[in-house]
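Only the coordinates and a few stated rules stand behind these numbers; no lab work does. From a predicted model like this one, the values you see are computed outputs, not experimental measurements. Because the Cβ atoms are built from the backbone with ideal geometry, glycine has one as well, and the counts that use them run over all protein chains shown.
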Amino acid sequence: MGTYRVDARGLSCPQPVVMVDRALKEGKEDLEVLVDNEVSRENVLRLLSKKGLRAEIKEEEGAIVIRVFR
Amino acid sequence: MKNIFASRMGIVSVGAMIGILAALLQHFGNPPNMGICVACMERDIAGALGLHRAAVVQYLRPEIMGFVLGAFIAALLAKEYRPRGGSGTLIRFFLGIFAMIGALIFLGCPWRALLRLAGGDGNAILGLLGLVAGIFIGVQFLKRGYNLGRSYPQHRASGWVFPALMVVLFLLLVFRVSFSPGGPIFFSEKGPGSQHAPLLVSLGAGILIGAIAQRSRFCTMGAIRDVILIRDFHLGSGVLALVVAAFIMNIILGQFKPGFAGQPIAHTDHLWNFLGMALAGLAFVLAGGCPGRQLFLSGEGDMDAGIFVLGMIVGAGIAHNFNFASSPAGVTPFGPIAVLVGFIFCLVVGLTQRDRI
């Protein structure tokens, strides 16, 4: 099963958080979230830490890529 | 670099700071329970520009300019200045109009609702309950995939337009330009518009709040929305800190006067206090931020937030020209109709704007 990508670029809060929350509830493994601003990064990371999930962050072509570990 | 303002301690400090500054602004001359009221202050700006002719609410409020400029400077320093736009722009303009109409039925935005509560005004409870109800409705749309579409990066200079507009307003205030005899810029000689803290105090407080709110992402609507949507109390802790800090300051400064009747710049029509704020709350959710947050976003380059603000200013003109806005005597015959129209607009927007992203 490939990486499931949530592309939340250009979307402002709370949309990125809602999309990630939905993907997690649907049981998506191997999740990768794309955001393009600091606020979305903070909000998505806050959601992940509340759920006890680890994340790894890297920058790719102007986007922030958040890789989620179960 | 870690953003300390985005921590729990950070948001609580920011909320407390806003509460303290709001109480002090009132102490230094702003109208009662209106140390800060984004809606009222934008309404006063609309009046000063002649967009409405309600003689008692006309003043170019430096706090609003400070909010935008403070956020602009903070965003530049933090490398978060990011011009963007193109997400449901015209819809946001109308959401701004109806948000303002709802707020002027209640007589205050969420910020003032909190400050009214901290000043002892029981009517604020109805407004805040309405706010929660409106946000609850909006969250149902969010859960069903509501969004106004993506925004896209814009040219770097396009994000300067809104801060520049604030500088122009500031110059008009400083030089008190009169464009024609009996014409704008208008300055109230009596009523709430005539009550204001000294210019530099207002501007300084505005810039400080704009900067720390930009860093902390303080948002009164977001606070309630996040609790309902994802059981997250992060922003909520900032809002609670605001109320507690303003309450303590009001006690110290002798500004706490509990009761329902005879509260300053308020009316006791419980139903319309509730419904006015419910409409505003719904519009804020659909637009993604409370009126304060929209100003901070405008400062960091969000042109769609800027359009929402302009919608609110135009909405203030409409609300007073068409006699929708309440007064301390109560709601007007047309106010409830405007609220109904606003609800219809927001419900249609909420139901229809849900393309897959």
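Structure data summary
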item: Principal semi-axes in Å for the protein assembly as shown [√(5λ), Cα gyration tensor, largest first]; result: 35, 22, 21
item: Average beta carbon contacts from partner chains per residue of A:2-15, 10 Å cutoff; result: 5
item: Length-normalised contact order of segment B:267-345 in % [C-alpha pairs under 8 Å, at least 6 apart]; result: 33
item: Per residue, the convex hull volume that the Cα atoms of segment A:4-62 enclose (Å³); result: 77
item: Net charge, B:Leu131 excluded, C-beta distance under 13 Å - Lys, Arg +1, Asp, Glu -1; result: +3
item: Chain lengthening between A:Ala63 and A:Tyr4 when straightened (0.36 nm per residue, less Cα-Cα); result: 19.6 nm
item: Dipole in debye (nearest 20) - segment B:28-165, about Cα centre, beta carbon charges: Lys, Arg +1; Asp, Glu -1; result: 500
item: Shape of segment B:229-357, Cα gyration tensor, a/c cut at 1.5; result: oblate
item: Percent breakdown of C-alpha pair distances by 20 Å bin, ordered from the shortest bin, for segment B:4-352; result: 34, 62, 4
item: Loop-located chymotrypsin sites (Phe, Trp or Tyr not before Pro) in segment B:134-207 whose Cβ has at most 16 other Cβ within 10 Å (DSSP); result: B:Phe179
item: Chain B: DSSP helices with Cα axial extent of at least 18 Å and average Kyte-Doolittle hydropathy no lower than 1.6; result: B:62-77, B:89-106, B:123-143, B:161-175, B:234-253, B:270-287, B:335-352
item: B:Ser327/B:His155 FRET efficiency (R0 45 Å; Cβ-Cβ; nearest 0.05); result: 0.55
item: Contact order normalised by residue count of segment A:4-62, Cα under 8 Å, 6+ apart, percent; result: 39
item: Segment B:44-111-segment B:285-323 distance, computed between alpha-carbon centres (Å); result: 5
item: Cβ-based net charge around B:Ile228, under 15 Å, with every Lys or Arg adding one and every Asp or Glu removing one; result: +1
item: Computed over chain B: relative contact order in percent, which uses C-alpha pairs under 8 Å that are six or more apart; result: 37
item: Computed E for A:Arg22/B:Phe175 - FRET, C-beta separation, R0 56 angstrom, nearest 0.05; result: 0.60
item: Farthest positive-ward along segment B:62-130 dipole, Cα basis, beta-carbon charges - from B:Phe67, B:Gly102, B:Gly120; result: B:Phe67
item: Signed unit charges on C-beta, dipole axis of segment B:145-242, positive-most listed residue B:Leu171, B:Asn147, B:Met221; result: B:Asn147
item: Calculated P(r) of segment B:261-312 - Cα pairs past 12 Å, %; result: 68
item: Debye, to nearest 20: dipole size of segment A:4-62, +1 on Lys, Arg Cβ, -1 on Asp, Glu Cβ; result: 380
item: Computed E for B:Val341/B:Arg231 - FRET, C-beta separation, R0 45 angstrom, nearest 0.05; result: 0.85
item: Entries in A:Lys58/B:Lys2; A:Lys28/A:Lys51; A:Lys25/B:Lys2 that, when Cα-Cα distance is taken, lie over 20 Å; result: A:Lys25/B:Lys2
item: Residue (of B:Gln58, B:Gly206, B:Gly289) at the positive-pole extreme of the protein assembly as shown, dipole from beta-carbon charges; result: B:Gly289
item: For segment B:281-349, convex hull of alpha carbons as volume per residue, Å³; result: 90
item: Isolated Cys residues of chain B, judged by Cβ distance under 4.7 Å to other cysteines; result: B:Cys109, B:Cys219, B:Cys290, B:Cys346
item: Whether segment B:110-246 is rounded, prolate or oblate, judged on the alpha carbon gyration tensor where a/c under 1.5 counts as rounded; result: oblate
item: Hull shadow area, averaged, segment B:195-251 [alpha-carbon convex hull, nm²]; result: 4.9
item: 222 nm mean residue ellipticity, helices alone, for chain B (DSSP H n ≥ 4; -39,500 (n - 2.57); rounded to 500); result: -20500 deg cm²/dmol
item: Over chain A: helical MRE at 222 nm, DSSP H runs n ≥ 4 each giving -39500 (n - 2.57), nearest 500; result: -10500 deg cm²/dmol
item: Counted charge near B:Asn250, where neighbours are those whose Cβ lies closer than 12 Å (Asp, Glu -1; Lys, Arg +1); result: +1
